[in-house]
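Worksheet: one structure, shown below.
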Amino acid sequence: MLYLSRVTAGAALTALALSGCTAQGDGSPAAAPTATVTVTTTPAPSPDDGDVQDAITIESMSSGTTCYDRPYPDLAWLDVTYEVLRDVEHLDFSLVDSDGVRSIGPAIDLPPTNFGGTIAFGGEYAWSDRAELREQSQVSWAGRNRVDFYSATEGRTGLLMFHLRFDDDVLAGERTAEIGTVRATWSGEDGPEGQVEVPVEQAVSFRPADCR
C-alpha cells in the first residue's frame, strides 16, 4: 500500500500547512515512499465573482512539490474538494494545463460520511491500493461515483479522486510533472452553463535526489 503521511485528516493537515512533511519508506510499493510535501491552501472563489460561483465552488488543498524516491506510474490523487451551491443538471470535473501527467477516465466523487460535510483530507495512494480509502472515516468509499455529467443537488460536497498517469520521462527522473488546474463545468435545468477553475500548481518528482 502506498500513501503519504499527509493522507490524514483535521489537525494533521493544519500542522502540515505550517511546516511541510517528510515521510520515510523502505522503497517498496507496499510502503510509503520518501516524499517531501509543501501544503498551502487555495481560497475558494467568491460568490460575488458571478453566476458560475453561484452554482459551485472548488478548492485545492495543496500545492508545491511531492517527491517520490522511485517511480509509481499510476496514482489516485485526492487534493480537490467541491461544494454545490444550487442544483445543477450536469456536472463534470477535468484536469487541464498539466505537463507530464494526464488524468485517466472521469474523476470519482467521494462524498463525506454526512451529506454536506466538510472534508479536511487529501494526498495520494497507489492507484491499485485506492480501496484502502474505505478505512478513512471522513469519506464514504461505498458512496463513490464516477463524475461523468451527473446531477448534483444544492448542499452536496465531495472529495475528487483523479487517476493520474505520468509520462515515461517523468518516471525516469528526466523532468518533473506539473499538475495545473482543475476545472468544473456545469449546466442548469433552465439552460445556463458555466465553469470555474482552481489552480493546483503542484509538481511531482520521481528523482531520488529531490527527496532530501
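Take the alpha-carbon centre of the stretch 86-138, take the same for the stretch 161-212, and report the distance between them in whole Å.
12 Å
So what is log10(I(q)/I(0)) for the stretch 127-195 at q = 0.12, 0.21, 0.22 1/Å, when the Debye sum runs over its Cα atoms only?
-0.54, -1.09, -1.12
Arranged from highest to lowest average of other beta-carbon atoms within 10 Å per residue, in what order do the peptides 79-86, 111-118 appear?
In descending order of packing, they fall as 79-86, 111-118.
Tabulate in residue order the Karplus-calculated ³J(HN,Hα) for the stretch 116-129, using 6.51 cos²θ - 1.76 cosθ + 1.60 with θ = phi - 60°, rounded to whole Hz; enter x for Gly and Pro.
Computed from phi, the couplings for the stretch 116-129 are x, x, 7, 10, 10, 7, x, x, 9, 10, 4, 4, 5, 10 Hz.
If each residue of separation counts as 0.36 nm, what is the full-extension length gain between E174 and N145 once their alpha-carbon separation is subtracted?
The E174-N145 span can extend by a further 6.9 nm.
Taken together, the values in this text are just the output of simple stated rules run on the coordinates, not laboratory data. Everything quoted here is computed from the prediction, not taken from an experiment. A quick note on method: Cβ atoms are made from the backbone with ideal geometry, for glycine too, and the neighbour counts reach across all protein chains shown.
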